[in-house]
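I have placed the structure first, in the form of structure tokens, so that the comments after it can refer back to it.
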Amino acid sequence: MVDYTFIRKDIIKRQTVIEGILELQSPLRIGVGKSGGMDPASIARDTVLKDTGGTPIIPGSSWKGVFRSEGERILRRKNLIVCSGVGKDYCLNNFRKYDDFQRNLTRDIDEAIRIFWNYTCLNCKLFGSMSVIGAVKFLDSKAIEFKLGTRTMIAISRTEGAVARGALVQVEFVEPGSKFTFKIMGNNLPNYAIGYLLTIMKNIHDGFIQIGGHKSRGFGFIRFVNLRFSDKGEKKIGDEDVSVSTQDEIKEEGDKFFEKMKPFMEAFNNAKIPYPVH
Ligand SMILES: [Zn+2]
């Protein structure tokens, strides 16, 4: 009997939180889209995403996209099957199990769980799939200290590769040195899944991944100033999980935090992930 706790939503055996503060190492640009760009003579304004109080935010959905795409790269390097989660590229769809799964949700829930376990990748299980929420939730990051800047940029037409006449855009960005909150919460996460999330976070911290727009201009590098890990409940989830001896709470500044969390990242490196079956 396979232990499906990791993907079950009806029981909570473990609750894990990773939260802290991050600092921008370069400008950050998470936009809301253009406004006033219709008149070619005027300069379009391209503002950053803010909450109702005018504070810049990084939405949880942006984090999820960053984690999913970097995770995809990491899992492929481990020769594991993984989907992009973009458009129709979801495991259940790719394995042609979506209808079967959907039908069993109301008829035979155990069979639906078995199908989801066998025919989805780690990304689908962690970050969600068509009609199934993930085991991890990304909260919106809110700026706690920030400065805004603007840069006038020329919009290049992608189709023609030429500079469109008069297409100047005033691009707003959040200045380097600004600080944001960060928080992810997970239920029933195996140690290797925690290690996987931490591996992605460390790659962000080490400057291998940028977030937001204008990456080619060097935007979107961040570092974690400090992080706190808190963990309640069972310390091993599922038959394939790797044991890790650790504390219920670890709070450290960025580099030290990742140093202390190494056993989880090793658990990810050592885990034999048995799904998706093919
Ligand atoms: Zn998948």
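Counting only heavy atoms of the protein chains and using a 1.4 Å probe, R223 has close to 80 Å² of accessible surface. According to the calculation over all Cα-Cα pairs in region 60-133, the P(r) per 5 Å bin from zero is 3, 17, 28, 24, 15, 10, 4, 0 %. Using R0 = 51 Å, the C-beta based FRET efficiency linking T106 and S243 works out to 0.85. Note that region 197-207 has calculated 3J(HN,Hα) couplings of 4, 5, 4, 5, 4, 5, 5, 5, 4, 7, x Hz, one per residue in order, obtained from phi through the Karplus relation 6.51 cos²θ - 1.76 cosθ + 1.60 (θ = phi - 60°); glycine and proline are x. Treating the angle as unsigned and between 0 and 90°, give the value, to the nearest 10°, between the Cα long axis of helix 109-118 and the longest Cα principal axis of the chain. Roughly 70 degrees, rounded to the nearest 10.
Annotation: amide H-H contacts under 5 Å for D3 (H modelled 1.01 Å from N, sequence separation of 5 or more, or interchain): D239. With equal scatterers on the alpha carbons only and no solvent term, can you work out the Debye log10 of I(q)/I(0) for the chain at 0.10, 0.14 1/Å? Treating every Cα as an identical point scatterer, log10 I(q)/I(0) equals -0.60, -1.03.
With Cα atoms defining each centre, region 87-151 and region 184-200 are spaced 15 Å apart in the structure. Note: region 1-132, Cα convex hull, 216 Å³ per residue. In a fully extended conformation the segment linking D51 and L148 would gain 33.5 nm over its present Cα-Cα distance, using 0.36 nm per residue. When the solvent-accessible area of the chain is split by element, carbon and sulfur atoms take up 50 percent of it, the probe being 1.4 Å. Counted by Cβ distance under 12 Å from N118, the other residues give a net charge of +1, where Lys and Arg count +1 and Asp and Glu count -1.
Longest stretch of the chain clear of exposed loop sites (GluC sites (Glu not before Pro), DSSP loop, at most 16 other Cβ atoms within 10 Å, sites excluded): 1-159.
Using a/c under 1.5 as the rounded threshold, could you call region 105-261 rounded, prolate or oblate? The axes a ≥ b ≥ c are square roots of the C-alpha gyration tensor eigenvalues, and prolate needs a/b larger than b/c, oblate otherwise. Since a/c reaches 1.5 but b/c is at least a/b, the shape of region 105-261 is classed as oblate. Taking Cβ atoms as reference points and 10 Å as the exclusive limit, the residues near G128 contribute a net charge of +4, counting Lys and Arg as +1 and Asp and Glu as -1. Placing unit charges on the Cβ atoms only, positive for Lys and Arg and negative for Asp and Glu, gives the chain a dipole magnitude near 440 debye about its Cα centre. Over the chain, accessible surface divided per residue gives 51 Å², non-protein components excluded, 1.4 Å probe.
The values are calculated or read from the model by the stated rules, or taken from the named source; none is laboratory data. On a predicted model such as this, the values are computed, not experimentally measured, just so you know. Using ideal geometry, Cβ is built from the backbone for each residue, glycine included, and neighbour counts are taken over all protein chains shown. Ligands, DNA and RNA are excluded from the accessible area calculation, which covers all protein heavy atoms including side chains. Shrake-Rupley method; radii C 1.70, N 1.55, O 1.52, S 1.80 Å.
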